[in-house]
Amino acid sequence: FATSTKSNVHPMPQETLQAICQAVSIPVVAIGGIAKENMGQLSGTGISGVALVSAVFGAEDIARECRLLREQSEKIVKGE
């Protein structure tokens, strides 16, 4: 996804991310512009996790937001 923390990158199509996950035997972690509003779009890609920056540090209640984001990411990794 587009992100304000990196200026020289382009969003990766979901199909490309899925192909990478299928092609490698190491865990793949998605990073870049991920927030609770778009994290669901990663479901079914095969990722092992997500890396979040702005979604965490931009929250008013960081501890609460981390709990919510963790729950959401665990569901995505499980393919729910």
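The values are calculated or read from the model by the stated rules, or taken from the named source; none is laboratory data. For clarity, every value in this text was computed on a predicted model and none was experimentally measured. Counting neighbours? That spans all protein chains shown, and the Cβs are built from the backbone with ideal geometry, glycine included. With ligands, DNA and RNA removed, areas are computed over all heavy atoms of the protein, side chains included. Shrake-Rupley method; radii C 1.70, N 1.55, O 1.52, S 1.80 Å.
Just a few scattered comments:
- Apportionment of accessible area to carbon and sulfur, the chain, percent (1.4 Å): 54 percent
- Using the Cβ-Cβ distance between Thr3 and Ala23 with R0 set to 25 Å, the FRET efficiency works out to roughly 0.55.
- With 0.36 nm allotted per residue and the present C-alpha distance subtracted, the Val53-Asn38 stretch has 4.0 nm of extension available.
- The long axis of helix 62-78 is offset from the longest Cα principal axis of the chain by roughly 20 degrees.
- Per residue, the chain exposes 69 Å² of solvent-accessible protein surface, assessed with a 1.4 angstrom probe and all protein chains in place.
- Karplus 3J(HN,Hα) series, Hz, for segment 43-59 with 6.51 cos²θ - 1.76 cosθ + 1.60 (x for Gly, Pro): 4, x, 7, x, 5, 9, x, 10, 10, 10, 10, 4, 4, 8, 6, x, 7
- Under the combined filter of DSSP loop state and at most 10 neighbouring Cβ atoms within 10 Å, segment 1-77 retains these GluC sites (Glu not before Pro): Glu37, Glu60.
- The string of couplings for segment 5-10 from the Karplus curve (6.51, -1.76, 1.60, θ = phi - 60°) is 8, 9, 9, 10, 10, 10 Hz, one whole number per residue in order, with x for Gly and Pro.
- Computed E for Glu15/Cys66 - FRET, C-beta separation, R0 30 angstrom, nearest 0.05: 0.50
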